[in-house]
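> Got a structure for you, written out below as structure tokens; questions coming shortly.
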Amino acid sequence: MSDAKSPLAGKRGLVLDDEFLIALDLEELLQGAGAEIVSVSSIDKAVRALREGGPWHFAILDRHLDGTTSTSVASACAGRNIPFVFLTGSRGPDRPGEPELAVPVIEKPYQPEALIETIRKLLDRR
């Protein structure tokens, strides 16, 4: 059960970001909100974590990692009914040819309170 001080208490989340400091900041923020967090830095590690770890209550996915997108991880989350949000440092529309997914997209630098609230709302919809 969550409360105002720990809105993500009892939840387990996956963070995919290839920038160490951003991943560390996300991990600290989400743990401070009561969540258990597993951070990974590559698409392969994220897919493996989704397959072998769990249960997962939510995921935060960096949209663009080292020249590719995290669409395959997003598809794996969707296939497992794991709500997720995209983080992106990109401004403007995504690259041509990328599939559009109806999920929240949060731009970096993100507002911590807004990110927590977005995740909480996703969890409330489950």
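Please treat every number below as a calculation from the coordinates, not as lab data. On a predicted model such as this, the values are computed, not experimentally measured, just so you know. Note that we place each Cβ from the backbone using ideal geometry, even for glycine, and neighbour counts take in every protein chain shown.
> Name the residues whose placed amide hydrogens come within less than 5 Å of the amide hydrogen of residue 84, ignoring near sequence neighbours (fewer than 5 apart) on the same chain.
Counting only residues 5 or more places away or on other chains, the set is 59.
> Of 106, 24, 82, whose Cα points farthest to the positive end of the dipole of the chain (charges on the beta-carbon: +1 Lys, Arg; -1 Asp, Glu; origin at the Cα centre)?
82
> Under the 0.36 nm per residue contour assumption, what length would be gained going from the current alpha-carbon distance of residue 31 and residue 111 to full extension?
Extending this stretch completely gives an extra 27.2 nm.
> Restricting to the chain, compute how many DSSP beta bridges are antiparallel as a %, nearest 5.
Of the beta bridges lying entirely in the chain, close to 10 percent run antiparallel.
> Still on this model: Please report the relative contact order for region 10-92, taking Cα pairs under 8 Å with a sequence separation of at least 6, and give it as a percent rounded to a whole number.
For region 10-92, the relative contact order is 32 percent.
> Return the sequence-ordered ³J(HN,Hα) values of region 62-70 in whole Hz as given by the Karplus equation 6.51 cos²θ - 1.76 cosθ + 1.60 applied to θ = phi - 60°, using x for Gly and Pro.
Here the 3J(HN,Hα) series is 5, 5, 10, 10, 6, x, 9, 10, 8 Hz.
> Which one, 87, 30, 21, has the greatest fluctuation when you compute a Gaussian network model over the chain with C-alpha springs under 10 angstrom?
21
> Still on this structure, I have one more. Considering only DSSP states other than H, G, I, E and B, which trypsin sites (Lys or Arg not before Pro) in region 3-87 qualify as loop sites with at most 12 other Cβ atoms within 10 Å?
Here the trypsin sites (Lys or Arg not before Pro) that fit, given the DSSP loop and packing criteria, are 5.
> Given region 10-92 reduced to its alpha-carbon atoms as identical point scatterers, what log10 I(q)/I(0) does the Debye formula return at q = 0.11, 0.18, 0.19 Å⁻¹?
-0.25, -0.68, -0.75
> How large is the charge dipole for region 10-92, taken about the Cα centre, if only the Cβ atoms of Lys, Arg (+1) and Asp, Glu (-1) carry charge, to the nearest 20 debye?
It comes to approximately 400 debye.
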